[in-house]
Every structure is written in C-alpha cells, then in structure tokens.
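Colleague: Okay, here's the structure, questions in a sec.
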Ligand SMILES: [Zn+2]
Ligand SMILES: [Zn+2]
C-alpha cells in the first residue's frame, strides 16, 4: 500500500529547542513553552518548505485583541507571522518585544 501521499494533519512533536512534548492540534506550529517554531511550511500547514531550520520568536505584533508572534528562521533568516495560540506560555509571550 502506498502511504506516500498520506498527509498527517495532527502531529505531536518534541520541541527541538526546549525538549517539551507538544500535543499537535493540526494548527500547532510552535512550542507553547518556549515559542520556538520550525521552518517547515511555505503556507501554514503545508509542510512543504525544505529548510527545516529552527525559528526563533523575535517579537510580538498586536492587532486589536489578537497577538501575532513573529518568528525568524535561524538558518535562512526568513521571518513569518504566526497567530499566538491559546495555550502559549503567557510569561514567554510577555517577554517578547512588541514590534
Ligand atoms: Zn520549546
Ligand atoms: Zn528557514
């Protein structure tokens, strides 16, 4: 049976920055403890970016009631904007500079 095309939407993963076990929700793209992410998407969730570098949370962007976390890839330097997740560690979020 060919499982090559099987796309797993919900994935648990171990954070490569702090080692926390992260329970995937299908939307999870960063660690809720240290907020680091991984450069794996071109578009959110597509997992099509071959870079695979770790993405450092470099700042917070405020949009009304919403908070976006800015991530920068330590490998290729690309920055991405990600929605803050409800279960993100608020202490870690508050430590980010507001951009
Ligand atoms: Zn982490
Ligand atoms: Zn990258």
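Any read-out appearing in this document is the output of simple, stated calculations on the displayed coordinates, not a laboratory observation. Note that the structure is predicted; figures quoted are calculated from it, not measured. As a convention, Cβ positions derive from the backbone with ideal geometry for all residues, glycine included, and neighbour counts pool all protein chains shown.
Colleague: Between residue 63 and residue 25, take the C-beta separation as r, use R0 = 22 Å, and let me know the FRET efficiency to the nearest 0.05.
Modeller: That pair, residue 63 with residue 25, gives E of 0.55.
Colleague: With N set to the residue count of the chain, report its C-alpha Rg divided by 2.2 N^0.38 Å to two decimal places. Provide the component values of the computation, followed by the final result.
Modeller: Numbers: Rg = 13.7 Å, N = 99, 2.2 N^0.38 = 12.6 Å.
That ratio works out to 1.09.
Colleague: Let me ask something else. Kindly put 70, 98 in sequence by how many other C-beta atoms sit within 10 Å of each C-beta, fewest to most.
Modeller: By the 10 Å Cβ count, ascending, the order reads 98, 70.
Colleague: If each DSSP helix of 4+ residues adds -39,500 (n - 2.57) and the sum is divided by the residues in the chain, what number results at 222 nm, nearest 500 deg cm²/dmol?
Modeller: Calculated from helices alone, the mean residue ellipticity at 222 nm is -1500 deg cm²/dmol.
Colleague: Label-point separation (nm) for residue 98 and residue 48, each offset 7 Å from Cα along Cα-to-Cβ?
Modeller: 3.6
Colleague: Next question, about the same structure. Normalised by the residues of the chain, what does the relative contact order come to in percent, with Cα pairs under 8 Å and at least six apart? Can you show the working numbers first?
Modeller: Working: 174 pairs, mean separation 20.0, N = 99.
So the answer I get is 20 percent.
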